[in-house]
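Worksheet for the structure shown next.
Please treat every number below as a calculation from the coordinates, not as lab data. Since we're looking at a predicted model, the values are computed, not measured. Here Cβ is always computed from backbone atoms with ideal geometry, including for glycine, and neighbour counts include all displayed protein chains.
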Amino acid sequence: MAAAEGNTEGKILTIFVYDQRRDQSHDAKIVLRGHQGNYRDFCNAVHQAFDISSKEIFVITTTDRKKITSENFDQIVKDKMTLYLLQRVDQLLTSATKECIEFLPHYNTILKSGTYEYYDSKEQTPLPVC
């Protein structure tokens, strides 16, 4: 996936993949980058990144356990998405898992919270001064 620079099929995705196949691998995370819509390249990148033999059986799922296949790859996998590498879809997770979340508050939330602090302080230094 990372080597698909000459390919212009779609936009470039950044995907966070956590290896949850074994008990001791709960923190094994790899960031994969590649073009959208190319399931075969994605699977090859997963095999290389996690050093998985061609005989080993595994599934790639979303955080809500939807299995990623060649048929649904384009519809399910989005940019900056978190995926899990499991032995089977119904596998129990032995520890808490992580998911990358981006949050950007609305402009009014930031602006109005400062205004509220100013008026609520009754003109007595509402916000700490550095």
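Structure notes:
- Extents of the stretch 12-103, taken as max minus min of Cα coordinates on every principal axis and listed largest first, are 38, 31, 21 Å.
- Counting other Cβ atoms within 10 Å as a rough exposure proxy, the listed residues Asp74, Asp120 run Asp120, Asp74 from fewest neighbours to most.
- Annotation: peptides 88-101, 58-71, 34-47, ranked by per-residue average of other Cβ atoms within 10 Å with the highest first, follow the order 34-47, 58-71, 88-101.
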